[in-house]
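Report on the structure given below.
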Amino acid sequence: MTTLLIVLAFVAGIIISAYLVMNYVPSFGGKLSEERMRTITRSRHFEGGKFRNLIPTAMDTSLKTNISILLDFMKGTPEGKPVRPIAAERWRPLRLQDNRSASVTWLGHSALWLEVEGKTMIVDPMLGRTPSPFPQIGGKRYRTTLSLQLDQLPPIDAVLISHDHYDHLDYGTIMKLKDNVKRFFVPLGVGAHLERWGIDRKNITELDWWEEAEFEGLTLASTPARHFSGRRLTGRDTTLWCSWVIKGEYNSLFFSGDSGYGPHFKQIGDKYGPFDLTLMECGQYDRRWSAIHMVPEETVQAHLDVKGKRMIPIHWGAFSLAMHAWTDPVERAVKAAKEKNAAICTPKIGETVVVGSGHYPSSAWWRHQHDGVIGYFSPKATHSDSTV
């Protein structure tokens, strides 16, 4: 009887601890309010208490598969990480003087700084050390050299978030940015996290797939992606995931978010294309989750499907979240683009690309790592997971 009581007390302790962590550690984000749930349940993409992809998207979550993934990560991957710091530009906001122009600066992984017709924007600003609710757990960013503090950035007109996974929505980064941002645009439900982190609801716009928001001369459209969502042990797929269309009077950009390949790319291209520049995920893939992350050859085809004129491959260059070599995504994307006669641009981290300038970086810089000038952000926040 005593042993049984000890076991029950131990189990109860674990349950209580998990409850306290989920509810009082802010990086896990917020819960959906009744008001927000009423909005969500009106979505035609919400069924049976969860958001659904446009086509069936099965993911193998069996114990056997999870154990195989764990063992693969423990074993490691040859060339899974760079052996030296990644060569990067010492970035500064360009502040284009021509309000007809647009520029894109890749900040590693899927984080991007955009200047579009006079508006400054950040997309999926994960600039922290590790994509995890706890900075001590999870794969660390490839390097930690500092060059710029987030509190030195100019005012940010808009932040766009594609979904609430930790490698795209980072608590520490948002906490450092939030008071310098005019408006946040997110898919349905993701606003609950931002509200918990102190962002006023009136500064958050939540959109379903195919919904548009007009923002100071730009059209921002939330478009489908083939993925999933969730930051907690429970509540998976109760917030939406998306890609983004950014259209101005003179420029048109597409950001894929995280997505498996599917017919939605052609649908987006038919409705909103062509695009001057596409920002397409091409890393962190594996056969065991092939429905939710494209391999690079699919990435290039998706770029063509949306009617993109030129593509920058993203979702690589910062973290190892799959078992492929760290340069495999860009090498395969470049090769596939050449085979399909698609124009591809390969800027360094921190290197600014001006849309329509005629100059698009295309060097294979990742093959020639050196100890030259290294630059990166630091949110310089008190929360320890937000330094890069």
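The values are calculated or read from the model by the stated rules, or taken from the named source; none is laboratory data. Quantities reported herein were computed from a predicted structural model and do not represent experimental measurements. With ideal geometry, Cβ positions are generated from the backbone for all residues, glycine too; neighbour counts draw on all protein chains shown. Side chains included, ligands, DNA and RNA excluded: accessible areas come from the protein's heavy atoms. Shrake-Rupley method; radii C 1.70, N 1.55, O 1.52, S 1.80 Å.
Filtering segment 169-187 to residues that are in contact with a strand residue (DSSP E or B) (Cβ under 8 Å, 6 or more places away or on another chain), outside any helix (DSSP H, G or I) and open to solvent by less than 10 Å² (accessible area, probe 1.4 Å) leaves PHE184, PHE185, VAL186, PRO187.
The single condition among (1) under 21 Å from the mean Cα position of the chain (by Cα); (2) of a type in the set (S, T, N, Q); (3) modelled with pLDDT of 90 or more that THR144 does not meet is (3).
For segment 253-273, give me each residue that is part of a helix (DSSP H, G or I) and among the polar types (S, T, N, Q).
GLN267
So which residues in segment 233-246 are under 17 Å from PRO187 (Cβ atoms) and surrounded by fewer than 24 Cβ atoms within 10 Å (Cβ to Cβ)? Answer for segment 233-246, where residues must be under 17 Å from PRO187 (Cβ atoms) and surrounded by fewer than 24 Cβ atoms within 10 Å (Cβ to Cβ): GLY235, ARG236, ASP237, THR238, VAL245. Has segment 116-128 got at least one residue that is of a type in the set (S, T, N, Q) and modelled with pLDDT under 90? Checked segment 116-128: no residue is of a type in the set (S, T, N, Q) and modelled with pLDDT under 90.
Kindly provide the set of residues from segment 287-318 that are at pLDDT 95 or above and touching a Lys or Arg at 6+ places or on another chain (Cβ under 6 Å), ordered by number. Selection gives PRO296, VAL300, ASP305.
So that you can scan it fast, the table gives a plain yes or no per residue for (1) of a type outside the set (S, T, N, Q); (2) at pLDDT below 95:
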{"residue": "ASN23", "(1), (2)": "no, yes"}
{"residue": "LYS31", "(1), (2)": "yes, yes"}
{"residue": "GLU35", "(1), (2)": "yes, yes"}
{"residue": "SER43", "(1), (2)": "no, no"}
{"residue": "LYS50", "(1), (2)": "yes, no"}
{"residue": "ALA58", "(1), (2)": "yes, yes"}
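Answer yes or no as to whether GLN301 is open to solvent by 20 Å² or more (accessible area, probe 1.4 Å) and either part of a loop (DSSP other than H, G, I, E, B) or within 30 Å of PRO56 (Cβ to Cβ) (or both).
yes
For every residue, the table says whether it meets (1) aliphatic (A, V, I, L, M); (2) crowded, with 20+ Cβ neighbours inside 10 Å; (3) part of a loop (DSSP other than H, G, I, E, B).
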| position | (1), (2), (3) |
| --- | --- |
| MET294 | yes, yes, yes |
| GLU297 | no, no, no |
| ILE312 | yes, yes, no |
| SER320 | no, yes, yes |
| PRO329 | no, yes, no |
| ALA333 | yes, yes, no |
| LYS338 | no, no, no |
| GLY356 | no, no, yes |
| HIS359 | no, no, yes |
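Table: residues versus (1) among the aliphatic types (A, V, I, L, M); (2) modelled with pLDDT of 95 or more; (3) surrounded by fewer than 16 Cβ atoms within 10 Å (Cβ to Cβ).
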| site | (1), (2), (3) |
| --- | --- |
| GLY217 | no, yes, yes |
| ALA225 | yes, yes, no |
| GLY248 | no, yes, no |
| SER259 | no, yes, no |
| GLN267 | no, yes, no |
| LEU277 | yes, yes, no |
| CYS282 | no, yes, no |
| TYR285 | no, yes, no |
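The residues of segment 194-209 that are open to solvent by 60 Å² or more (accessible area, probe 1.4 Å) and either assigned to a loop (DSSP other than H, G, I, E, B) or among the polar types (S, T, N, Q) (or both) amount to a single one, ASP200.
Take the conditions at pLDDT 95 or above and touching a Ser or Thr at 6+ places or on another chain (Cβ under 7 Å) and apply them to PHE255. Does it pass? Yes, satisfied.
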